[in-house]
Amino acid sequence: MLSVSELNEQAKSLLETNFSSIEVEGEISRLTRHSSGHWYFTLKDEKASISATMFKFDNVKVKFTPIEGIKIVASGKITLFSPSGTYQINLKSMRPSGEGELELAFKQLKDKLEKEGLFDISHKKPLPKYPKKIAIITSKTSAALQDMLKIAKSRWQFVKISVFDSLTQGENAPNDLIKALMKADSIGYDTLIIARGGGSREDLWCFNDEGLARCIYALKTPIISAIGHEIDFSISDFVSDHRSPTPSAAMMDLLPSIDEIMQLLDKKEDVLENLINYKLQNAISLLNLKKSLFLNSNLKQKLSIYNQNLEHIKFKLKNFINMNISNSLNKIENLQNIFKEKENFFAKTKNLVEIRKNGELMSLEELKKDDIITIYSQNFSKDAKIIN
């Protein structure tokens, strides 16, 4: 006879032995993400359901986000939870049913970031017309970098290029790219370019990292995303200020062509030369017209009229000056007469005095004994006391 625990243990061993590796398709329901990082949910179809678990060390490898109602193909083993006697499937991996895992993960992250506004046109910074210094974030050993440097040399030799070496493939690539971007952004370049040559969807997957997308969005420096080939699209393309279909195209988009600049200068020179000639011809025509009018006019008669006007003005000015001089002399003579009268009066009143009591003018008849008075002459004053 078996105990309940023994029965459960034998059943668990039987299930794990016979169903050690299975693949099952079903819809996710009642999904719980535990604080430990483990996932617990129900996998169901139209007629039945089974409990499912996916531990943290396995679910971290899942690239898309499982949600309620999504249909998946799951791989794992059947086991039995001995304490309760319930049987379940422990998953090792999962993928979306009917749709690639990477494709679903890409759509989910794209929708999420788009709703948050990370792709808004209003946030995108314009590229400089004539950049002086740029930074390229890529692998220093890549063929794409050599193509970019070659194109830059042929198009615009006046730009200084710095290369920030970074991983561009694999699990560690996003963090490596973020560090390189943040360092380049702090230096003060005119433009940054994050670049990688072509590859499979898996090879380019690091450019669909959410942390990398948020880093690109927060950069102060304008940035170009140039990932893969023309048909390849990544999250980095959508969040960057400009998307170039290839690394080589990024240099074409950013740098002006020295040949085009020279042709443009030639055209500007032709336009300027034509404008100068036009202005010069107009000036010559106007000068010839003035010369013709001058020669055809009665110059002597005009000069005579001008001389008569000048003589008349000279006569009026002379009279005006003489009149002002005469008036000034009369004023001076009047002032001299007034001064003489003042001088005679001062001499005659030199010994006369004025008596004031408490500031008021007094006569001798009004004064009384012990009055305190002040006596004023032309130049002096004395205080006095009346004694009788």
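The values are calculated or read from the model by the stated rules, or taken from the named source; none is laboratory data. A quick note: this is a predicted structure, and the numbers were derived from the prediction, not measured. All Cβ positions, even for glycine, are placed from backbone atoms using ideal geometry, and neighbour counts span all protein chains on display. For the accessible areas, the whole protein counts, side chains as well, though only heavy atoms, and no ligand, DNA or RNA atoms are used. Shrake-Rupley method; radii C 1.70, N 1.55, O 1.52, S 1.80 Å.
Data table
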item	result
Helical mean residue ellipticity (222 nm; -39500 (n - 2.57) per DSSP H run of 4+; nearest 500) of the chain	-15000 deg cm²/dmol
Too-long pairs where the Cα-Cα distance tops 25 Å, listed order kept, from LYS63/LYS92; LYS71/LYS112; LYS71/LYS110; LYS110/LYS140; LYS342/LYS368; LYS63/LYS179	LYS110/LYS140; LYS342/LYS368
Peptide ranges 65-76, 343-354 listed from the most packed, as the mean C-beta count within 10 angstrom indicates	65-76, 343-354
Within the chain, percent of DSSP bridges classed antiparallel, to nearest 5	65 percent
Cα gyration tensor shape of the chain, rounded if a/c is under 1.5, else prolate or oblate by comparing a/b with b/c	oblate
Shape of region 117-256, Cα gyration tensor, a/c cut at 1.5	rounded
Net charge dipole size for the chain [Lys, Arg +1 and Asp, Glu -1 on Cβ; Debye, nearest 20]	2900 debye
Cα gyration tensor category, rounded, prolate or oblate, for region 138-216 with a/c compared to 1.5	oblate
Per residue accessible area in Å² of region 59-145, where ligands, DNA and RNA are left out and the probe is 1.4 Å	53 Å²
Contour minus Cα-Cα distance for LEU361 and GLN146 (0.36 nm per residue)	66.0 nm
Region 152-182: chymotrypsin sites (Phe, Trp or Tyr not before Pro) falling in loop per DSSP and having at most 16 other Cβ within 10 Å	PHE158
Alpha-carbon centroid distance for the pair region 86-128 / region 6-84, whole angstrom	23 Å
Anchor LYS348: lysines whose Cα lies under 22 Å away (excluding residues fewer than 8 positions away in-chain)	LYS340, LYS382
Furthest towards positive pole of dipole, MET148, PHE207, ILE178, structure part the chain, Cβ charges	MET148
Length-normalised contact order for the chain - Cα pairs under 8 Å, 6+ apart - percent	9 percent
Carbon plus sulfur fraction of accessible area for region 155-260, probe 1.4 Å, in percent	51 percent
Theoretical gain in end-to-end length, HIS312 to GLU333 [0.36 nm per residue, Cα-Cα removed]	4.3 nm
Gain in span if fully extended, LYS340 to GLU273, counting 0.36 nm per residue against the direct Cα distance	15.9 nm
